[in-house]
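Here's the structure, in structure tokens; my notes come after.
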Amino acid sequence: QVRLVESGGGLVQAGGSLSVSCTASGIIFSINSMAWYRQAPGKQRELVAAITSLGITNYADSVKGRFIISRDNAKNTVDLQMNNLKPEDTAVYYCNTVLRRSGTYYPGEYWGQGTQVTVSS
């Protein structure tokens, strides 16, 4: 059974930093690409950052230069360090496995409960 557990969200002022973490179980973590998604109220879920099994990263333009995705295959965790946060980063953040085909990222079937990140102006 696939289980994804996100943690570490919270409330932060604009310009501040926050880190969120995800622990995965029920998958062979080391061979999976992983990603962070977010969903703001009234908006569609969007890809924020992805990392391959070899540690190659990719970021949405809106977070490039501010967010850093990393993984620890020994602990089955994927983290997202968020710096210089903006109010528009406010959302529920989710992790998932991800598959990239022809430039498009396809998330896995199972989602965790997510973790809320709120950035005040």
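We did not get these values from a lab; they are worked out from the coordinates using the rules stated. Model, not experiment: these values are computed from the prediction. Using ideal geometry, Cβ is built from the backbone for each residue, glycine included, and neighbour counts are taken over all protein chains shown.
Mind checking the full-extension length gain between Arg100 and Ala60? Use 0.36 nm per residue of separation minus the Cα-Cα distance, one decimal, nm.
13.0 nm
Taking a cut-off of 16 Å, what percent of all Cα-Cα pairs in the chain are separated by more than that? Present the calculation step by step, with values, prior to reporting the outcome.
Numbers: 4130 of 7260 pairs.
Result: 57 percent of Cα pairs exceed 16 Å.
Sort out for me the Cα centre separation of the stretch 96-111 from the stretch 62-82, rounded to whole Å.
If we compute the Cα centre of each part, the gap is 16 Å.
Among the lysines, which have Cα under 29 Å from the Cα of Lys86 when same-chain residues fewer than 8 positions away are ignored?
In chain and number order, the partners are Lys43, Lys64.
When only Cα pairs under 8 Å and 6 or more residues apart are kept, what is the percent relative contact order across the stretch 1-60?
Once normalised by length, the contact order is 24 percent.
Calculate how many DSSP beta bridges within the chain are antiparallel, expressed in % of all such bridges and rounded to the nearest 5.
90 percent
With labels modelled as points extended 7 Å from the Cα through the Cβ direction, what inter-label distance (nm, one decimal) is found for Gln1 paired with Gln13?
4.3 nm
Given the options Glu88, Glu109, Glu46, which has the most mean-square fluctuation in a GNM of the chain, springs set between C-alpha atoms less than 10 angstrom apart?
Glu109
So, by mean Cβ neighbours within 10 angstrom, what's the order for 95-105, 17-27 with the highest one leading?
17-27, 95-105
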